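Written out below as structure tokens is the structure these notes cover.
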Amino acid sequence: MLTFGRYFKKKFGEKVRKIPISIPGFTCPNIDGTVAKGGCIFCRNESFSPILSKQAPAPFKLHPGLSENPHLEMQIEVLKKQFDSQVGFHREKFGMKKFLVYFQSFTNTYAPIETLKRLYSEAFRLPDVVGISIGTRIDSVNHEILDFLGEYAREKEVWIEYGIQSIHDRTLEGINRGHDSSEMEYWIKETQKRGIKVCVHLIYGLPGESEEMMLETLDKMIEWQAESIKIHPLYVMAHTALATLYKKGEYTPITLERYAWLIGESMKRIPKEIVVQRVSAGAHTEDLLAPDWCFDKNIQMRYIRDSLRAAGIDY
């Protein structure tokens with residue numbers, strides 16, 4: 001199985017550390033009311049970004065239609081400070097020499113194009129950076145953004161990570177995603193045309209989805225030739241719409257046994273040339289309501305690896 005670590009070791013001859021960055025001011029069209037309100041039912045974005053949750057709330061929100069961004073210089077400073085603090089640790093403790101900047105929190109293409117160009121360009125200029133990865137949604141990219149990134153992709157590693165979650169429109173509507181599946185393939189292909197690599201994020205355990213439906217989403221990503229896949233379980237965070245459903249008994253989280261079985265079935269289907277970046281996720285916080293096994297990533301990874309090993313799969 002081709003992990004992200006093995007991919008980079010093969011390409012650069014050494015490990016590359018992915019550095020997550022959270023830039024204040026970024027939001028999402030599903031939060032600000034552009035396509036929907038309230039975000040996805042599981043969304044409490046600071047839970048996915050420990051760095052951002054420790055910072056003071058940003059007094060502004062970006063939007064692609066803004067004519068100017070008076071906070072851009074501050075955002076660039078935040079980028080540099082977050083990068084420096086993390087890179088110093090990884091250099092000293094692990095001897096890392098190469099890095100990939102990961103724009104992680106919220107929708108990182110949802111801003112004025114000049115803001116994006118400056119932030120991405122500054123990231124490429126950081127010392128020992130071999131590339132960047134950008135987390136976003138398929139309804140928040142356009143040809144101008146992709147064209148700009150495509151120029152960098154001629155010489156650097158450029159990844160876009162699309163939060164696909166599911167290809168089933170009934171599911172997307174149920175989780176208040178704010179878009180359907182109709183343009184997923186189009187934007188994945190448009191991204192790849194420019195030499196930009198695509199990583200797709202999938203969630204197993206979404207409300208109303210059967211095992212067959214989850215694997216159908218995976219199969220479609222394989223058919224569309226995504227270069228990389230991330231899979232994680234749906235877990236319930238406090239103060240989300242999903243938490244309300246859970247407390248009412250209207251949502252039952254996926255079990256570790258079922259999830260591990262699905263990961264095993266997924267690994268059997270994923271071609272060896274596709275990078276598997278992640279097969280687990282969790283939230284080590286008191287705000288995690290369920291399932292309990294998502295509180296400790298080490299516990300779930302031991303169980304998943306044991307299950308994969310029993311099936312003859314090396315991960």
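The values are calculated or read from the model by the stated rules, or taken from the named source; none is laboratory data. Because the structure is a prediction, the values reported are computed rather than measured. For neighbour counting, all protein chains shown are included, and Cβ atoms are generated from backbone atoms with ideal geometry for every residue, glycine included. SASA here: full protein model, heavy atoms, side chains in, ligands and nucleic acids out. Shrake-Rupley method; radii C 1.70, N 1.55, O 1.52, S 1.80 Å.
Given the protein chains as shown and a 1.4 Å probe, how many square angstrom of Ile145 are accessible, to the nearest 10?
10 Å²
Semi-axes of the equivalent ellipsoid of the range 185-315: what are they in whole Å, largest first, if each equals the square root of 5 times a C-alpha gyration tensor eigenvalue?
Values for the range 185-315, descending: 26, 19, 13 Å.
Of all beta bridges DSSP finds with both residues in the range 173-315, what is the antiparallel percent, to the nearest 5?
20 percent
How many nm separate the modelled label positions at Asp296 and Thr255, each set 7 Å beyond the Cα in the direction of the Cβ?
Modelled inter-label distance: 2.0 nm.
Which Cys in the chain stand alone, with every other cysteine's Cβ at 4.7 Å or more from theirs?
Isolated Cys, the chain: Cys28, Cys199, Cys294.
Kindly rank 67-73, 290-296 from highest to lowest mean number of other beta carbons found within 10 Å of each residue.
Top of the packing list down: 290-296, 67-73.
Could you tell me which of Val141, Leu202, Thr171 has its Cα farthest along the dipole of the range 140-299 towards the positive end, charges placed at Cβ (Lys, Arg +1; Asp, Glu -1), taken about the Cα centre?
Among Val141, Leu202, Thr171, the one farthest towards the positive end of the dipole of the range 140-299 is Leu202.
Across the Cα atoms of the range 103-153, what radius of gyration and what greatest pairwise Cα-Cα distance (Dmax) are found, in Å?
Rg then Dmax for the range 103-153, in Å: 10.6, 32.
Mind checking the per residue accessible area of the range 108-249 for me, 1.4 Å probe, whole number of Å²?
Normalised by residue count, the accessible surface of the range 108-249 is 37 Å².
Rounding to the nearest 20 debye, state how big the charge dipole of the chain is about its Cα centre with +1 on each Lys and Arg Cβ and -1 on each Asp and Glu Cβ.
Charge dipole, the chain, about its Cα centre: 1160 debye, nearest 20.
Under a Cβ-Cβ cut-off of 9 Å, what is the net charge of the residues other than Phe94 that fall near it, where Lys and Arg count +1 and Asp and Glu count -1?
Summing Lys/Arg as +1 and Asp/Glu as -1 gives +3.
Among Asn298, His284, Ile263, which residue has its Cα positioned farthest towards the positive end of the charge dipole of the range 246-315, with +1 placed on the Cβ of Lys and Arg, -1 on the Cβ of Asp and Glu, and the dipole taken about the Cα centre?
So the residue furthest toward the plus end is Ile263.
Normalised by the residues of the range 186-228, what does the relative contact order come to in percent, with Cα pairs under 8 Å and at least six apart?
53 percent
Considering only DSSP beta bridges where both residues belong to the chain, give the percentage that are antiparallel (nearest 5).
Counting only bridges with both partners in the chain, antiparallel ones make up about 10 percent.
Return the percentage of antiparallel bridges among DSSP beta bridges fully within the range 1-154, rounded to the nearest 5 %.
10 percent
Answer rounded, prolate or oblate for the chain, using the Cα gyration tensor with square roots of eigenvalues a ≥ b ≥ c: rounded when a/c is under 1.5, else prolate when a/b is larger than b/c, else oblate.
rounded
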